[in-house]
Protein chains: 2
Amino acid sequence: MVKIVANAHQAALEAASEGARKAASERTFFNIGKAAKASELPVKTVRYYADVGLVEPAARSKAGYRLYDEIDIERLRFIKSARSFDFSVDDCRELLGFYQNDQRSSRDVKQMALKRLTEIDQKMRELEKLRQELARLAHACPGDEHPGCPILGSFARS
Amino acid sequence: MVKIVANAHQAALEAASEGARKAASERTFFNIGKAAKASELPVKTVRYYADVGLVEPAARSKAGYRLYDEIDIERLRFIKSARSFDFSVDDCRELLGFYQNDQRSSRDVKQMALKRLTEIDQKMRELEKLRQELARLAHACPGDEHPGCPILGSFARS
DNA sequence: TATAGAGATTCCAGTTACTGGAGAGTCAAG
DNA sequence: CTTGACTCTCCAGTAACTGGAATCTCTATA
């Protein structure tokens, strides 16, 4: 039996009792609005992830509505987390692949994490340099009604 | 006397008809390649800045070549510096406006610098949080040939 | 049952600051 | 006169969405 949940109240009920009943032949679908809410992503973004083949809905309704099952929603949540670390969408695709592959090695995942980490470190070093220099300039600037300004001066000179 | 560099023999005429911005005598023009080299910007970028009205060439040759004078090149260099602090192109437009306006107040410039500074600080705080959390996860990951991985686990859970 | 309103669809455009490339014209040197 | 280096304009693509238009579809209510 296939169930489609499109109503908020009903969806809540289904979601609530989700753990209790994964009875074999029963399947609960969520349309995009519910999937978005459940994964805390904007609808537009969920649709985008489907478009780029990152998380495609398990099915479509007769009317063409995207239908997400619980595993899809898990995937969406996974992506949301990975994206929050600024992994690119492509990296997310790869991470999701690892996630779904129980033959993976944690080595591969760790490698990606370390790579991302060095990128973050690099970015932070750059920002720190900018911050220092800009702070120095701002500090030297009187910030009054006169035109004399070491910030502009520095930009002009360098 | 008007001096023209880089194949721009018609520039004199055009510049003259535009009205003298430099007292009547010597004017040297550079075509986009020279201007790019002088400002250490890619040709494409210089052209782009012209397109978006950030730094428009003082003149055009008969054949339609962009002709930059020294002041233009100063502007390009100014923009390059400002951009290196990650001021947006719009902010650069504003900063350039200040730079070229001797009625400016250093207050306005300083305000922009401080705003940029808080943005940088904000970004650094975010990155620092990411870095810590990701480092924690990576540290906890064995990085071996087994599938068990706290990084994936964390993404799945959160 | 008619209908209003919420929510879904696709497709297109815009965001930022460029960058790459095609096809064509221009210039100086040999 | 040809060659090669430059330059021109215009179009497309980048990353990861986001906004909006025009058009269904579903459901709750009068």
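Do you know which residues across the range A:123-158 are at pLDDT below 95 and among the polar types (S, T, N, Q)? Result: A:S158, single match. Scanning the range B:137-153 for residues that are open to solvent by less than 50 Å² (accessible area, probe 1.4 Å) and either more than 7 Å from every other protein chain (Cβ to nearest Cβ) or within 28 Å of the chain's Cα centre (by Cα) (or both) yields B:P150, B:G153. Filtering the range A:94-117 to residues that are charged (D, E, K, R), more than 7 Å from chain B (Cβ to nearest Cβ) and either over 14 Å from B:D144 (Cα atoms) or assigned to a loop (DSSP other than H, G, I, E, B) (or both) leaves A:E94, A:K115. Taken as a whole, the structure leaves B:L41 outside the set of residues that are modelled with pLDDT of 95 or more and either within 11 Å of DNA strand D (Cβ to nearest atom) or more than 15 Å from the chain's Cα centre (by Cα) (or both). Just for the range B:53-83: of the residues that are of a type in the set (V, I, T) and within 18 Å of B:V43 (Cβ to Cβ), which one is surrounded by the fewest Cβ atoms within 10 Å (Cβ to Cβ)? Within the range B:53-83, the match that is surrounded by the fewest Cβ atoms within 10 Å (Cβ to Cβ) is B:I73. Could you say whether any residue in the range A:118-136 is within 25 Å of B:L152 (Cβ to Cβ), more than 8 Å from chain B (Cβ to nearest Cβ), buried (at least 17 other Cβ atoms within 10 Å of the Cβ) and free of Cβ contacts under 8 Å to residues at least 60 places away in the same chain? No: the range A:118-136 contains no residue that is within 25 Å of B:L152 (Cβ to Cβ), more than 8 Å from chain B (Cβ to nearest Cβ), buried (at least 17 other Cβ atoms within 10 Å of the Cβ) and free of Cβ contacts under 8 Å to residues at least 60 places away in the same chain. Testing A:D86 on (1) surrounded by fewer than 17 Cβ atoms within 10 Å (Cβ to Cβ); (2) without any contact (Cβ under 8 Å) to a residue 24 or more places away in the chain; (3) in contact with a helix residue (DSSP H, G or I) (Cβ under 9 Å, 6 or more places away or on another chain); (4) assigned to a loop (DSSP other than H, G, I, E, B), one condition comes back false. Which one is that? The failed condition is (2).
The values are calculated or read from the model by the stated rules, or taken from the named source; none is laboratory data. In this text the structure is predicted, and so the values were computed from the model without any measurement. No Cβ is skipped: glycine too gets one built from the backbone with ideal geometry, and neighbour counts run over all protein chains shown. Remember, those area values only see protein heavy atoms, side chains included, never the ligands or the DNA or RNA. Shrake-Rupley method; radii C 1.70, N 1.55, O 1.52, S 1.80 Å.
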